[in-house]
1. I'd like to verify a number: residues in the stretch 46-81 that are free of Cβ contacts under 8 Å to residues at least 60 places away in the same chain, assigned to a helix (DSSP H, G or I), of a type in the set (Asp, Glu) and open to solvent by 30 Å² or more (accessible area, probe 1.4 Å), how many?
2. Residues that are open to solvent by less than 10 Å² (accessible area, probe 1.4 Å), at least 3 per element: which helices (runs of 4 or more DSSP H) completely within the stretch 258-372 meet that?
3. Tally up the residues in the stretch 131-156 that are part of a helix (DSSP H, G or I), surrounded by fewer than 20 Cβ atoms within 10 Å (Cβ to Cβ) and among the acidic types (Asp, Glu), please.
4. Taking the stated definitions as given, is ALA227 out of contact with any Ser or Thr (no Cβ under 7 Å at 6 or more places or on another chain) and either touching a residue at least 40 places away in the same chain (Cβ under 8 Å) or open to solvent by 10 Å² or more (accessible area, probe 1.4 Å) (or both)?
5. Out of the stretch 210-224, which residues are of a type in the set (Asp, Glu) and touching a residue at least 24 places away in the same chain (Cβ under 8 Å)?
6. So HIS155 ticks every box in (1) farther than 23 Å from ALA304 by Cβ; (2) in contact (Cβ under 8 Å) with a residue 24 or more places away in the chain but one. Which box is left unticked?
7. Give, as residue ranges, the helices (runs of 4 or more DSSP H) completely inside the stretch 157-251 that count at least 2 residues that are in contact with an Asp or Glu (Cβ under 9 Å, 6 or more places away or on another chain).
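The values are calculated or read from the model by the stated rules, or taken from the named source; none is laboratory data. From a predicted model like this one, the values you see are computed outputs, not experimental measurements. Ideal geometry is used to build each Cβ from the backbone, glycine not excepted, and the neighbour counts take in all protein chains shown. Heads up: the accessible areas ignore ligands, DNA and RNA and are worked out on the full protein's heavy atoms, side chains in. Shrake-Rupley method; radii C 1.70, N 1.55, O 1.52, S 1.80 Å.
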Amino acid sequence: MCCWCCCLDCIHNIPPLNLLFLHFSPHSLSSSAASAGGGEAAAAAAVAPMASISVPNPAPSPTEDAESIRKAVQGWGTDENALIEILGHRTAAQRAEIAVAYEGLYDETLLDRLHSELSGDFRSALMLWTMDPAARDAKLANEALKKKKKGELRHIWVLVEVACASSPDHLVAVRKAYRAAYASSLEEDVASCSLFGDPLRRFLVRLVSSYRYGGGGVDGELAIAEAAELHDAVVGRGQALHGDDVVRIVGTRSKAQLAVTLERYRQEHGKGIDEVLDGRRGDQLAAVLKAALWCLTSPEKHFAEVIRTSILGLGTDEEMLTRGIVSRAEVDMEKVKEEYKVRYNTTVTADVRGDTSGYYMNTLLTLVGPEK
C-alpha cells in the first residue's frame with residue numbers, strides 16, 4: 001500500500017478544510033480583501049505579494065470548477081492538463097471551496113478521486129498541492145517521523161520547515177490537523193521518535209511546540225545579550241555546541257527579535273552566524289540550527305537550498321523537490337527564485353525542466369510561474 005493510501009484514511013479525520021486554511025499566513029490577506037469591499041470571492045482569491053501562482057480574475061465558482069474537474073476525470077482517460085490548469089491556478093481558500101463543492105456534488109472526496117485517477121510523482125505533487133496547507137504539513141511531518149534512516153538531515157528539515165517557515169497560527173493549525181489525522185500530538189511524536197538524540201530532540205520539540213509572538217516589537221538590549229550568548233554557544237571547533245542556550249533563544253524568540261539578534265551578531269563578529277555554523281562540519285545540531293534560523297528569518301535561502309539539493313547528484317529527490325515548490329508557491333516563491341538565481345547562477349525553471357518531465361514537470365512549472 002502506498003503512503004497516499006494510508007494518508008487518505010488519516011486525512012478524512014481532519015475537520016472541514018475551510019476551518020483550517022484560514023491559519024495559513026498568506027491568507028491573512030483575505031480579511032483585508034473582504035473588508036475592503038471585495039467580499040468572500042475576493043478574499044478567497046487573494047494572493048500573497050511574493051507568491052508565484054496566478055489566479056484568474058474573476059475565477060469560476062467552486063461549483064463550476066468541481067464540475068470541470070469531474071468532466072476531466074470521467075470517461076476514457078483523464079484530462080491531466082485540465083486538472084493542472086484548474087487546481088494549479090487556485091489559492092488554498094479556493095481549492096478548499098472546490099473540494100467541498102466536489103464532495104457535495106459527487107459524494108466522494110476530491111483527494112480520493114485524484115488518487116484513483118493519477119499516478120507517480122504527478123499524483124503526489126497535485127494531491128499535495130490540493131490539500132489544505134495545515135493538513136499538508138501535518139502529513140509531511142508524520143512521514144518524516146516514520147523514515148527509517150536515523151538522523152538524516154533532509155528529513156529533519158521537514159520538521160524545521162513546518163515549525164519555523166510559516167506563521168505561529170499556522171503551526172497551531174498544523175498541530176490540530178496532526179492530532180485529528182493521527183490520534184497523537186506532533187510534539188509527543190517528535191519527543192518519542194527514535195531517529196533523534198539529545199540535544200537535537202529537545203530543540204525539535206521546542207520548535208514544534210512553540211507559539212512565537214507575531215508582532216514587530218524588538219528589544220535592542222536583549223538582542224545584544226543573546227547575540228553574545230549565541231556566539232559563545234557556537235564558536236569553538238572541536239567543542240560541542242551548547243544546546244541549551246540555542247534551544248532557549250531560537251525556540252522562543254519572535255522572528256523580528258531573532259532578525260535583530262542575528263544582525264547584531266554580524267556586526268559584532270564580522271560574519272553571519274550561518275557562516276560560523278557552516279564551519280562546524282559534521283555537527284548535526286549546527287546544521288539544523290542553521291536551517292531553523294534561515295526558516296525563521298530568511299526562508300527563501302533555505303528553500304532555494306532545498307530545491308537545489310533535491311536535484312544534485314545521481315537522480316532527483318522528487319519528494320524534496322515537490323515539497324520545496326508546493327509549500328512556497330503561495331508564500332514567497334518569487335523570493336526563492338531570485339535567491340536561487342543569485343546563488344546558483346541558474347533558474348528554478350531551468351533545473352525543473354532539466355530534471356523532471358511530463359505532467360509532473362508541468363505541475364511544478366505551473367506553481368513556479370514565469371521567471372522574471
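1. Looking only at that region, the number is 2.
2. Working: elements: 273-278, 284-297, 299-311, 318-326, 333-344, 348-355, 358-368.
In the stretch 258-372, the matching helices (runs of 4 or more DSSP H) lie at 284-297, 299-311, 318-326, 333-344, 358-368.
3. Going through the stretch 131-156 one residue at a time, the tally reaches 1.
4. Values: out of contact with any Ser or Thr (no Cβ under 7 Å at 6 or more places or on another chain): no; either touching a residue at least 40 places away in the same chain (Cβ under 8 Å) or open to solvent by 10 Å² or more (accessible area, probe 1.4 Å) (or both): yes.
So ALA227 fails the test.
5. So in the stretch 210-224, the residues of a type in the set (Asp, Glu) come out as 219, 221.
Answer for the stretch 210-224, where residues must be of a type in the set (Asp, Glu) and touching a residue at least 24 places away in the same chain (Cβ under 8 Å): just ASP219.
6. (1) is the only condition that HIS155 fails.
7. Numbers: elements: 168-182, 186-192, 200-208, 220-234.
Correct list: 168-182, 200-208, 220-234.
Results for (1) under 18 Å from PRO370 (Cβ atoms); (2) among the β-branched types (Val, Ile, Thr), shown as yes or no for each residue.
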| residue | (1), (2) |
| --- | --- |
| ALA304 | yes, no |
| THR309 | no, yes |
| LEU314 | no, no |
| ARG328 | yes, no |
| GLU339 | yes, no |
